[in-house]
1. Angle between the Cα long axis of helix 3-18 and the longest principal axis of the chain, 0 to 90 degrees, nearest 10?
2. Quick one: if you take sqrt(5λ) for each eigenvalue of the C-alpha gyration tensor of the chain, what semi-axes come out, biggest first, whole angstrom?
3. Out of the total accessible area of the chain (probe 1.4 Å, heavy atoms of protein only), what percent is carbon and sulfur?
4. Compute the angle between helix 23-37 and the longest alpha-carbon principal axis of the chain, please, reported from 0 to 90 degrees and rounded to the nearest 10.
5. If you count only protein heavy atoms with a 1.4 Å probe, what accessible area per residue comes out for the chain, rounded to a whole Å²?
6. Give me the angle, in degrees from 0 to 90, between the Cα long axis of helix 58-68 and the longest principal axis of the Cα atoms of the chain, rounded to the nearest 10.
Amino acid sequence: MTTYEIREIESKRLRDFLETLSTTEHRFFVADTIEKCGHNMSKKTFYNWKYGLCRIPLFAKKIIEELAGREIFIWTPEFQ
């Protein structure tokens, strides 16, 4: 599987989760994710992940799932 295909799948799964949130929950989820990922991360980076412009790093996937309280991403070696 190519990096492009993995990016598309990961971003689709993230978008599917975010669609289940209200507007307010979405805003707080993005802010919490950025805060937990570190101060070097910007909102732009989160939206790059959301729209598949770059891959979501492994540490960020773990943070996103921790904040979501459920599994969102595929955890096979091919996706890591």
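The values are calculated or read from the model by the stated rules, or taken from the named source; none is laboratory data. The structure displayed is predicted, hence computed values, not measured ones. Accessible surface is based on the protein model in full, side chains and every heavy atom, while ligands, DNA and RNA are left aside. Shrake-Rupley method; radii C 1.70, N 1.55, O 1.52, S 1.80 Å.
1. Taking the Cα atoms of the chain, the angle to 3-18 is about 30 degrees.
2. After scaling each eigenvalue by five and taking roots: 19, 14, 12 Å.
3. Looking at the chain in its full context, I get 53 percent from C and S.
4. Here the helix axis deviates by roughly 70 degrees.
5. Here the per-residue accessible area is 63 Å².
6. For helix 58-68, the angle is close to 50 degrees.
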